[in-house]
1. Find the helices (runs of 4 or more DSSP H) located wholly in the range 38-101 whose residues include 1 or more that are surrounded by fewer than 15 Cβ atoms within 10 Å (Cβ to Cβ) and in contact (Cβ under 8 Å) with a residue 24 or more places away in the chain, and list them.
2. Take the residues in the range 1-31 that are part of a strand (DSSP E or B) and within 15 Å of the chain's Cα centre (by Cα); name whichever of them is surrounded by the fewest Cβ atoms within 10 Å (Cβ to Cβ).
3. So, Thr128, is that one touching a residue at least 12 places away in the same chain (Cβ under 8 Å), more than 20 Å from Asp91 (Cα to Cα) and of a type in the set (Val, Ile, Thr) or not?
4. Mind checking which residues of the range 121-158 are part of a loop (DSSP other than H, G, I, E, B), surrounded by fewer than 19 Cβ atoms within 10 Å (Cβ to Cβ) and at pLDDT 90 or above?
5. Of these, Ile157, Ile194, Ile112, which one is closer than 12 Å to Asp9 by Cα and aliphatic (A, V, I, L, M)?
6. So which of Leu42, Leu64, Leu49, Leu35 ends up being modelled with pLDDT under 90 and more than 17 Å from Ile190 (Cα to Cα)?
7. Among the residues of the range 171-188, which ones are surrounded by 12 or more Cβ atoms within 10 Å (Cβ to Cβ), under 16 Å from Ala20 (Cα atoms) and out of contact with any helix residue (DSSP H, G or I) (no Cβ under 6 Å at 6 or more places or on another chain)?
Amino acid sequence: MFISFEGIDGVGKSTQIRLADEYLRARGKDVLCTLEPGGTELGQEIRNLLLHRKGDVDPRAEALLYAADRAHHVATVVRPALANSSVVISDRYFDSSVAYQGAGRKLSAKEIRDISLWAVDGLLPDLTVLLDLEPTKAAERRNNTGQEADRLEREKIDFFEAVRNEFLKLAEAEPNRFLVVDANQSPSEIFGHISKKLDELLRS
């Protein structure tokens with residue numbers, strides 16, 4: 001089973017991934033939690049280039065760096081784990097590229113999706129959990145963490161509005177893959193929705 005978690009920065013993905021990991025392990029599943037970018041040693045170097053270097057990155061170069069990270073990540077981490085009957089939970093996958101680079105950077109969402117699908121040789125998650133939250137509220141949460149914002153987190157609200165809207169469009173286009181959850185709720189309420197979907201997948 002392959003599960004991805006998506007949403008703009010500050011929606012609470014890390015908390016829900018931890019809860020999903022614990023929930024699935026309690027049911028006897030071998031679980032691998034990973035992230036993009038940065039789920040491999042090479043990916044950590046790419047992550048540093050994308051999020052922590054000084055100066056701008058051309059939007060097309062940014063999109064291609066994400067695709068390169070994803071190609072290596074899927075080939076060396078995700079597919080081997082799935083072949084070993086593990087449940088893979090990824091903090092972001094190619095839907096983030098479609099939303100952030102396609103809509104946020106005003107590139108073609110279709111072209112970014114095509115590049116991403118080519119990079120992963122067509123691998124789609126069994127479930128994509130989209131945590132949805134208004135960008136202003138997500139920004140408040142990010143500001144309360146006490147951590148220094150990375151290059152993407154420093155973008156303006158209109159950037160995150162475009163990203164959020166694209167995520168919702170993606171979910172509307174693939175309702176069988178996406179579970180959209182209102183991230184205004186408490187962590188336990190949010191996970192209540194997710195656990196019901198996980199139970200469905202475990203029974204199928």
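1. Output list reads 59-73.
2. Phe2
3. Spelling it out, it is not the case that Thr128 is touching a residue at least 12 places away in the same chain (Cβ under 8 Å), more than 20 Å from Asp91 (Cα to Cα) and of a type in the set (Val, Ile, Thr).
4. Hits for the range 121-158 are Asp121, Gly122, Leu123, Leu124, Asp126, Glu134.
5. Ile157
6. After ruling out the rest, the residue left standing is Leu49.
7. Listed by number, the list holds a single entry, Ala183.
The values are calculated or read from the model by the stated rules, or taken from the named source; none is laboratory data. Being a predicted model, the structure only gives us computed values, none of them experimental. When we count neighbours, we look across all protein chains shown, and the Cβ atoms used for this are built from the backbone with ideal geometry, even at glycine.
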